[in-house]
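The structure under discussion appears below in the form of structure tokens.
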Amino acid sequence: MKIIQVPTQAIAGQRPGTSGLRKKVTVFQQPHYLENFVQALFEVLEDRRGQTLVLGGDGRFHNRVAVQVILRMAAAHGFARVLVGQGGLLSTPAASAVIRKRGAYGGVVLSASHNPGGPDGDFGIKYNVGNGGPAPEKVTEAVYARTQQLTSYTIATEVDDIDLGRLGEQRIGDLVVEVIDPVADHAELMQQLFDFDAMRAWFASGKRMCYDAMGAAGGPYAKAVLEGLLGAPAGTVINGEPLEDFGGHHPDPNPAHAQELIAIMSGPHAPDFGAASDGDADRNMILGRDFVVTPSDSLAVLAAHATRVPGYRKGLAGIARSMPTSQAADRVAQMLGIPCHETPTGWKFFGNLLDAGQATLCGEESYGTGSNHVREKDGLWAVLFWLNLLASTGQSVEQLVRAHWARFGRNYYSRHDWEGVATDRADALMSSLRSRLSGLAGQRFGSLQVEAADDFAYTDPVDGSVSKAQGLRILLAGGSRIVLRLSGTGTEGATLRVYLERYEADPARHDLEPQQALADLITLADQLAGIRSHTGMAAPAVIT
Ligand code: G16
């Protein structure tokens, strides 16, 4: 083995977004692109020498190539040990679990999450710190700043590739590379949290479930727990083999992209419970027979029933949700007499609250739910939480949600995504609306009365850090809201997200179709922001 210094130049645009650096595979394949970013990262991690790093990804195209590069760079940067998932695979929540269980220094996760994969798809890299969670902004900003100053990177050369299929230890010079079972630590953690006997009995009684892993990283985890430990019949997990192109799936578990599962869950003979996870298995979608649960409702229902589940019997310290997530969980927190924290979009903002014991459950409208068991959202965890509730209450998914609405009221909710908008047009839309926000308070539009409007800013209650410009909020009388922000995870142009929410207390009005229930808010959003005129588009690309 030889360690060499390779001359390079700064590459523009390597600023991590909502969740790491995500670009087209073809961008990552450019000479030095990955190496530059990893060099910048390792330089920022000043006390890395002699430490243990966790490494793995969602198995998408370019994953294996990137794993070998990062191993050779880790060897050149003085790490003592790298724990890498077999086959280069580690779901995002499993990476978090491994970092925490093994007391690792941090971890590198290779994923573009729910974005499509394959040679023409997306790739991504993110860094998780020692608590198992995404690096906070001060770290990602420091990495970005470093990428802009690089003149060389350091890498080990004249070494064989690590055999990622072989469990156990191998070496690159002084670096010990340990190939680990990607599933074991996470599966063990799930058994500490949930009532496996009750869930086993649920399956043994003939109840049926379908889990769609969407050809991505979640398959091995779901199979090991559901079909292995819980005795669900083979075939309960569909699309369970992780494939480099996800079998052509767009591995985003929502009704727009998980249509195979939606079809399976329709009709009188559908399974009792349906679920799906995304590319790196941190997102989840929950379905009953002919019944879709919104992620915001899911968080609220889990919070309301948490003490039925062994891992949460002692109750919750608090709930946290991202700002655009519906306020359904706030009502549960109020009933429980615990705080509900409102954070910017991005799981990284939950880390401090979880570490400080100020929140136990967290959730986002973007199909993410999790708890203090790791520091990432966790798809399989959410599914097992629901399964545990189905088993312990004997109720169906629909019964649980309807009972919740009857008790707390229903927060009608929808997100409209305007994708592939030219960046300058999207920026113009946002700055135009931003400049008019202060004049909106007090205005009435038909039956809708604006109470307040602002650009959401967040002060972290633990470390006092401030994050500004996190989304434009138009808050209406009665708890309705319109929120607009630009996505931080897309790779083509800009994606405008419009979040719509309306609260309905009356159970007689809990059966409306959500788009109808939200119709006046949808119209007002376009009227205030000029979405169609700015984007030149007639309709959102995706409605969830
Ligand atoms: C990431 C973040 C989430 C965020 C989501 C959507 O999820 O971890 O916190 O809610 O992106 O972000 P945006 O609206 O900026 O696109 P994932 O599953 O893609 O890692």
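For this structure, a couple of remarks:
- A count restricted to segment 19-53 and to residues that are touching a residue at least 60 places away in the same chain (Cβ under 8 Å) and not in a helix (DSSP H, G or I) stands at 8.
- Segment 106-123, residues that are over 20 Å from LYS377 (Cβ atoms) and among the aliphatic types (A, V, I, L, M): none
- Selection from segment 318-330 of residues that are in a loop (DSSP other than H, G, I, E, B) and touching a residue at least 60 places away in the same chain (Cβ under 8 Å): MET323, PRO324, SER326, GLN327
- Among residues of segment 303-317 being assigned to a helix (DSSP H, G or I) and open to solvent by less than 30 Å² (accessible area, probe 1.4 Å), the one that is farthest from ARG407 (Cα to Cα) is TYR312.
- Among the criteria (1) surrounded by fewer than 22 Cβ atoms within 10 Å (Cβ to Cβ); (2) more than 24 Å from the chain's Cα centre (by Cα), the one GLU419 does not fulfil is (2).
- Residue within segment 392-414 that is touching a Ser or Thr at 6+ places or on another chain (Cβ under 7 Å) and under 26 Å from LEU353 (Cα atoms) present: yes
- The residue of segment 336-359 that is farthest from the ligand (Cβ to nearest atom), among those that are outside any helix (DSSP H, G or I) and out of contact with any Ser or Thr (no Cβ under 9 Å at 6 or more places or on another chain), is GLY337.
- Residue satisfying all of: in segment 367-413; of a type outside the set (A, V, I, L, M, F, W, C), closer than 23 Å to ALA217 by Cα and open to solvent by less than 10 Å² (accessible area, probe 1.4 Å); farthest from the ligand (Cβ to nearest atom) among these: ASN388
- Residue within segment 513-527 that is open to solvent by less than 60 Å² (accessible area, probe 1.4 Å) and closer than 21 Å to ALA422 by Cβ present: yes
- The number of residues in segment 446-459 that are modelled with pLDDT under 95 and closer than 14 Å to LEU528 by Cβ comes to 1.
- Applying a threshold of 7 Å to beta carbon distances and a minimum spacing of six or more residues, or different chains, the list of pairs starting in segment 486-498 at a residue that is more than 6 Å from the ligand (Cβ to nearest atom) and ending at one that is open to solvent by 20 Å² or more (accessible area, probe 1.4 Å) and in a loop (DSSP other than H, G, I, E, B) reads GLY493/ALA422; THR495/SER487.
- Counted residues, segment 68-103 - those being open to solvent by 10 Å² or more (accessible area, probe 1.4 Å) and assigned to a helix (DSSP H, G or I): 8
- When the test is whether a residue is without any contact (Cβ under 8 Å) to a residue 40 or more places away in the chain and touching an Asp or Glu at 6+ places or on another chain (Cβ under 6 Å), SER205 does not pass it.
- Only one of the numbered conditions (1) closer than 23 Å to HIS32 by Cβ; (2) within 16 Å of the ligand (Cβ to nearest atom) is violated by HIS114, and that is (1).
- Answer from MET335, MET323 - the residue that is open to solvent by less than 30 Å² (accessible area, probe 1.4 Å) and out of contact with any helix residue (DSSP H, G or I) (no Cβ under 7 Å at 6 or more places or on another chain): MET323
- SER447 meets all of the listed conditions (1) farther than 22 Å from ARG15 by Cα; (2) in contact (Cβ under 8 Å) with a residue 12 or more places away in the chain; (3) touching a strand residue (DSSP E or B) at 6+ places or on another chain (Cβ under 7 Å) but one, namely (3).
- Selection count, segment 447-480, where residues are open to solvent by less than 20 Å² (accessible area, probe 1.4 Å), within 16 Å of the ligand (Cβ to nearest atom) and closer than 27 Å to PRO540 by Cα: 3
- If you go through segment 261-302 and keep only what is open to solvent by 10 Å² or more (accessible area, probe 1.4 Å), out of contact with any Ser or Thr (no Cβ under 9 Å at 6 or more places or on another chain) and within 23 Å of ARG407 (Cα to Cα), you end up with just VAL292.
- Filter result (acidic (Asp, Glu) and without any contact (Cβ under 8 Å) to a residue 24 or more places away in the chain) within segment 513-544: GLU513, ASP526
The values are calculated or read from the model by the stated rules, or taken from the named source; none is laboratory data. Since this is a predicted model, take the numbers as computed values, not measurements. Here the Cβ is made from the backbone with ideal geometry for all residues, glycine too, and neighbour counts use every protein chain on show. These area figures cover heavy atoms from the full protein model, side chains too; ligands, DNA and RNA do not enter into them. Shrake-Rupley method; radii C 1.70, N 1.55, O 1.52, S 1.80 Å.
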